[in-house]
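Here the structure is laid out as C-alpha cells; the discussion comes afterwards.
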Amino acid sequence: MLNIITEKLPKYAKKLDQIIKPIEKELFLLEDNLTENLKSESPDLDKMIRYFFRSGGKRLRPVIVMLFSKAINRGYLPTNNFELALAVEMIHTASLIHDDVIDNSETRRGTLTLNKKWGAKTAIITGDYVLSMALNKLTSINLLAVEMFSKTLNELCVGEILQKNQDYKIISMEDYINKSERKTARLFMAGTECAAAITPNSNNLMINSARCYSLDFGIAFQVIDDILNFSGTFSQIGKPAENDLKNGIITAPVIFAVQEYEEKGDFTLRKLIETRFKKEKDHKKALKLVLGSNGINKARLMAKNYIQKAVNSLDVIEDNCYKQALIDLSWYTVERTS
Ligand code: FPP
Ligand code: MG
C-alpha cells in the first residue's frame, strides 16, 4: 500500500483543452485518421465505426503517447509514434466495444452501444475488425510493437475475466488494484513504453520513466472512473451511474466502505452484496451505505497517491511544455468529473 499524502497536493487548475494545446494539431490529424484508416470493404462496418467515433472520447491514450514522444524528442513526433497513437486508440476502442457486449451495456459516451443498436453479433465483429486493423498498424511499426501489444492484450483479457469472476465478492484492495492494472493500466503502459522504445535517441531511463508513469497513471484513472460511477451523473459520464455496484462489480469506494463499517462491527454492506441484493431494495440500501461512508474520499486520496507517484516518475525527463502537459493531465485526471 502506498503512503498516504495528505498535504501539498497540486490543485488542478487547467481544463483538458488547455492541457492538450501542445499537441492540438496532431490530435486533429488523429481524429481524421481514426475513421479514415479504419475504412473497410464493408459499408456496414464503416457505418458502425463512424457511429462509434462520432460519440467522441477523450483520446487519453494517444494523448499520452504523443506527449511523451514529444517530451523526449525535442518536440518532434516521429511518424511511427503517431501510428502507434492510432493503434492504441483502436485497441482501446475494440476493447470497449467488446466490454459493452460482455456487460450488456446500453449506453456509452451518451449514445447507444453498438450491441444495443445492432446486436451483440454485429458488435463483436466490429470490435474484432477494429482490433485487426490495430494489429496491422503495429506490424507497420516493428516487431517489438507487435510483441509488446500481444502481451498487453493478454493482460487485458486476464483483467476482464478476473472482474467477471469476482462479481459480488468483497475482494481485497490488492486484488482490485491487480485487476485494474491489467484491464486498464497495462494498455496505457504499453502505448507509452512502446513510444519511448521506438523514439530515436531514447534511453533506458526514459523507457523506465514511461513504464512507471503510465502504469500509475492508468491505475489512478481506473480508480477515478470507478468513483465517478458513484458520484457522476449520466450526462457527465455518458453511461448510467451507480451501475457497477448493482452489477456486483466491487470497486475501491465499496472496498473502503466495507472496511470502515466492519471496523465498527457492522457487516450489513458485506451481507447485502454477498447475497447479490436478493431483495428489491437491497441495492439501494447498499448504495446508501457506500455514499454514507468515507469510501469515495479514501478512494480519491488513493488515486491522488498513484498520480503523485506517476508525476514523480517524470523527474528524469527534461523540463519542456510536453512534460508539463503530462503533469497537468495527471492532476486533471484526479479532479475530472467526466
Ligand atoms: C472498460 O472498463 C473495459 C476495459 C478497460 C477492458 C476491456 C477488455 C476486454 C473486453 C478484453 C480485451 C478485448 C479486446 C478486443 C482488446 P470498465 O468496465 O471499468 O469501464 P466502463 O464502465 O466504461 O465499461
Ligand atoms: Mg464495462
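The values are calculated or read from the model by the stated rules, or taken from the named source; none is laboratory data. All figures in this text were calculated on a predicted structure; none of them were measured in a lab. Cβ placement follows ideal geometry from the backbone for every residue including glycine, while neighbour counts extend to all protein chains displayed. All accessible areas refer to the heavy atoms of the entire protein, side chains included, with ligands and DNA or RNA removed. Shrake-Rupley method; radii C 1.70, N 1.55, O 1.52, S 1.80 Å.
Side notes on the structure shown:
- Principal axis extents of the C-alpha atoms in the range 87-233 (largest first, rounded to whole Å): 46, 35, 27.
- Note on the range 150-198: lysine pairs with Cα distance below 14 Å, sequence gap of 8 or more or different chains, count 4.
- Per-residue ellipticity at 222 nm, computed for the chain from helices alone with -39500 (n - 2.57) per DSSP H run of at least four residues, works out to -22000 deg cm²/dmol.
- Net lengthening on full extension, residue 242/residue 282 (0.36 nm per residue, minus Cα-Cα): 13.1 nm
- In sequence order, calculated HN-Hα J values of the range 232-249 (Karplus, 6.51, -1.76, 1.60; Hz; x Gly/Pro): x, 10, 4, 5, 7, 9, x, 8, x, 6, 6, 7, 4, 4, 4, 8, x, 7
- Computed over protein heavy atoms with a 1.4 Å probe, the accessible surface of the range 154-279 works out to 42 Å² per residue.
- Placing dummy labels 7 Å off each Cα toward the beta-carbon, the span from residue 121 to residue 50 is 2.4 nm.
- Percent RCO, i.e. relative contact order, over the range 149-201, from Cα pairs under 8 Å lying at least 6 residues apart: 50 percent
- Contact order for the chain, expressed relative to its length and based on alpha carbon pairs under 8 Å spaced 6+ residues apart, stands at 23 percent.
- Cα-centre dipole for the range 71-154 with unit charges at Cβ (Lys and Arg positive, Asp and Glu negative), debye to 20: 160 debye
- Across the range 227-291, the relative contact order, built from alpha-carbon pairs under 8 Å that are at least six residues apart, equals 27 percent.
- Over 31 Å between alpha carbons, listed pairs 14/70; 47/279; 116/285: 47/279
- Interchain or long-range residues, amide H under 5 Å from residue 108's placed H: 113
- Expressed in units of 2.2 N^0.38 Å, where N is the residue count, the Cα radius of gyration of the chain is 0.99.
- Exposed chymotrypsin sites (Phe, Trp or Tyr not before Pro) absent - longest run of the chain, DSSP non-H/G/I/E/B, at most 16 other C-beta within 10 Å: 169-266
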